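The values are calculated or read from the model by the stated rules, or taken from the named source; none is laboratory data. Keep in mind it's a predicted model, so treat the numbers as computed, not measured. So basically every Cβ, Gly included, is an ideal-geometry build from the backbone, and we count neighbours across all protein chains shown.
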Amino acid sequence: MTKSNFTRRGVMKTGAATGAGLAIPTVFSGAVWADAHSGFTNAPQGDTVTLGFNVPQTGPYADEGADELRAFQLAVQHLNGEGDGGMMQTFSSKALDGTGILGKKVEFVTGDTQTKSDAARASAKSMIEKDGAIMISGGSSSGVAVAVQGLCQDAGVIFMAGLTHSNDTTGKDKKANGFRHFFNAYMSAAALAPVLEQLYGADRKAYHLTADYTWGWTQQESIAAATEALGWETVNDVRTPLAATDFSSYIAPVLNSGADVLILNHYGGNMVNSLTNAVQFGLRQAQANGKQFEIVVPLYSELMAQGAGENIAGIVGSQNWDWKLENEKGARYTGTNAFVKSFGEKYGFPPSQAAQTCYAQTMLYADAVTRAGSFNPCAVVEALEGYEFDGLGNGPTLYRAGDHQCFKDVVVVRGKENPENEFDLVEIVEVTPAEQVTYPVDHPMFAGGELGECNPGA
């Protein structure tokens with residue numbers, strides 16, 4: 001565990017007993033649990049409230065995690081009335097006033113998920129049980145998000161997912177105590193498919209390399225379904241380990257496969273390395289089936305573009321948000337410039353999509369508590385379900401009640417051929433309206449799970 005520079009609140013001794021008929025989850029037990037809540041898990045008793053930020057500080061997604069943590073720290077400062085207030089000034093809700101949350105100063109603790117589900121669960125458990133965290137946020141891996149979301153459901157705290165793109169997070173693994181601001185694989189595919197048809201035609205043969213965990217599986221399923229609907233053929237889908245750093249053995253067979261498109265269902269360091277290997281093997285200069293060979297990365301970010309360098313030029317993908325949105329697409333995306341200004345002044349460079357979604361999640365949690373007038377997780381759930389808001393950089397957004405998924409516009413991007421600086425490596429090709437990427441709650445790709453009931457924990 002890493003302690004923030006803020007003074008962390010210790011577990012408050014309330015002496016409260018668990019409510020009648022409510023069992024203590026087996027993962028949490030003992031005196032610490034019994035002493036840490038009053039009416040609900042970790043009910044704040046003093047003049048502070050503790051949030052837990054669980055991010056990959058090591059491992060393949062560490063760059064994303066570092067930016068998430070920067071955003072979390074900035075959000076805490078703004079909630080406590082420090083700095084310029086950032087997107088608090090543009091947020092359509094005016095409940096937050098810079099006096100913390102319900103008058104309690106916000107403090108935080110952090111953990112390193114290592115992009116490993118077991119490590120993430122352990123750090124989240126410690127933040128809840130030992131540090132009194134009342135909300136857990138973070139991620140940068142869908143496997144981590146799903147694992148921690150389940151733990152938070154059992155513990156009786158709110159989970160505000162960070163960067164998680166798997167359909168399963170708000171599909172078969174959705175939980176009443178969990179909420180996701182980030183978009184998902186289905187939305188990426190729905191936004192990308194028309195652009196891919198326009199750029200590359202409807203007669204293509206695709207070879208997929210897919211990260212072998214929940215995000216990769218649902219990303220591949222989504223983009224394959226969307227491109228096959230255009231007329232594309234899926235030639236092969238090869239799964240690759242999350243821990244892989246050299247993808248040469250996976251790239252080598254592609255040119256002899258009959259494919260003329262390589263789709264990299266990879267993220268973070270995996271994507272940087274696999275794209276680099278693909279370029280080294282000459283795929284970007286190759287011809288196949290009488291066509292120019294193309295590479296598609298369904299999900300990527302400015303941070304990944306920095307890692308990939310010139311290899312990203314011309315590569316098409318999707319993003320949850322881009323720091324240039326308001327300047328290029330207008331006032332619909334208000335909040336973007338306010339956040340970029342705050343983040344840039346503090347850290348010296350523009351924020352990533354990971355930073356924006358984690359900042360937004362923190363604000364949305366604080367706002368929900370304030371509007372509800374209570375930290376009780378069930379009151380927070382009620383305040384967030386069906387909540388429509390604006391001013392956080394994504395345009396008008398809905399937190400759907402049926403699955404706790406946010407619906408908003410999707411940004412389609414392409415790596416710039418001649419970037420002017422290291423922070424402006426992608427160009428916005430199109431912004432797909434939310435209604436074009438919205439799907440029914442019972443869509444087959446999201447089937448198999450139930451939200452269940454909110455758990456206050458005690």
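Taking the stated definitions as given, is GLU453 among the charged types (D, E, K, R), at pLDDT below 95 and part of a loop (DSSP other than H, G, I, E, B)? If you could, list the steps in order and put the result at the bottom.
Working: among the charged types (D, E, K, R): yes; at pLDDT below 95: no; part of a loop (DSSP other than H, G, I, E, B): yes.
So GLU453 fails the test.
Just checking, which of GLU64, GLU107, GLU129, GLU82 is without any contact (Cβ under 8 Å) to a residue 40 or more places away in the chain and of a type in the set (D, E, K, R)? It would help to see each step written out before you state the result.
Numbers: GLU64 fails: without any contact (Cβ under 8 Å) to a residue 40 or more places away in the chain; GLU107 fails: without any contact (Cβ under 8 Å) to a residue 40 or more places away in the chain; GLU129 fails: without any contact (Cβ under 8 Å) to a residue 40 or more places away in the chain.
Going through GLU64, GLU107, GLU129, GLU82 in turn, the sole match is GLU82.
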Restricting attention to segment 212-232, and to residues there that are assigned to a helix (DSSP H, G or I) and among the small types (Gly, Ala, Ser), which single residue is modelled with the lowest pLDDT? GLY216
Taking LEU102 as the residue in question, decide whether it is touching a residue at least 12 places away in the same chain (Cβ under 8 Å), under 18 Å from ASP367 (Cβ atoms), surrounded by fewer than 24 Cβ atoms within 10 Å (Cβ to Cβ) and not small (Gly, Ala, Ser). yes
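With the structure loaded, tell me whether ASN394 is touching a residue at least 24 places away in the same chain (Cβ under 8 Å), surrounded by 24 or more Cβ atoms within 10 Å (Cβ to Cβ) and in a loop (DSSP other than H, G, I, E, B) or whether it fails that test.
Values: touching a residue at least 24 places away in the same chain (Cβ under 8 Å): yes; surrounded by 24 or more Cβ atoms within 10 Å (Cβ to Cβ): yes; in a loop (DSSP other than H, G, I, E, B): yes.
Yes.
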Give just the number: which of (1) surrounded by fewer than 24 Cβ atoms within 10 Å (Cβ to Cβ); (2) in contact with a strand residue (DSSP E or B) (Cβ under 8 Å, 6 or more places away or on another chain) does GLN219 not satisfy? (1)
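Quick grid of which residues meet (1) at negative phi; (2) over 19 Å from the mean Cα position of the chain (by Cα); (3) charged (D, E, K, R):
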| residue | (1), (2), (3) |
| --- | --- |
| THR370 | yes, yes, no |
| ALA383 | yes, yes, no |
| VAL413 | yes, no, no |
| GLY448 | no, yes, no |
Positions within segment 115-131 being within 14 Å of VAL144 (Cβ to Cβ) and surrounded by fewer than 22 Cβ atoms within 10 Å (Cβ to Cβ), in sequence order: LYS116, SER117, ASP118, ALA119, ARG121, ALA122, LYS125
Going through segment 366-391 in order, the residues found to be assigned to a strand (DSSP E or B) and either buried (at least 18 other Cβ atoms within 10 Å of the Cβ) or not assigned by TED's automatic domain parsing to the domain that holds PRO44 (or both) are TYR387, PHE389
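Look through segment 110-151, keep the residues that are among the polar types (S, T, N, Q) and modelled with pLDDT of 95 or more, and return whichever of them is nearest to ASN42 (Cα to Cα). Show your work before the answer.
Residues of segment 110-151 among the polar types (S, T, N, Q): 110, 113-115, 117, 123, 126, 137, 140-142, 149.
Subset that is modelled with pLDDT of 95 or more: 110, 123, 126, 137, 149.
Details: THR110: 17, SER123: 16, SER126: 13, SER137: 16, GLN149: 17 Å.
Looking at residues that are among the polar types (S, T, N, Q) and modelled with pLDDT of 95 or more, I get SER126.
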Got a sec? Which strands (runs of 3 or more DSSP E) wholly within segment 140-211 have at least 2 residues that are more than 29 Å from TRP232 (Cα to Cα)? 158-161, 178-180
So in segment 47-67, with the set limited to residues that are touching a Lys or Arg at 6+ places or on another chain (Cβ under 8 Å) and modelled with pLDDT of 95 or more, which one is surrounded by the fewest Cβ atoms within 10 Å (Cβ to Cβ)? ASP47
Please go through segment 254-283 and give me each residue that is under 21 Å from SER141 (Cβ atoms) and in contact with a strand residue (DSSP E or B) (Cβ under 7 Å, 6 or more places away or on another chain), ordered by number. ILE263, LEU264, ASN265, HIS266, TYR267, ASN270, MET271, SER274, LEU275
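With the structure loaded, tell me whether THR210 is β-branched (Val, Ile, Thr) and farther than 30 Å from MET135 by Cβ or whether it fails that test.
Values: β-branched (Val, Ile, Thr): yes; farther than 30 Å from MET135 by Cβ: yes.
Yes: the conditions hold for THR210.
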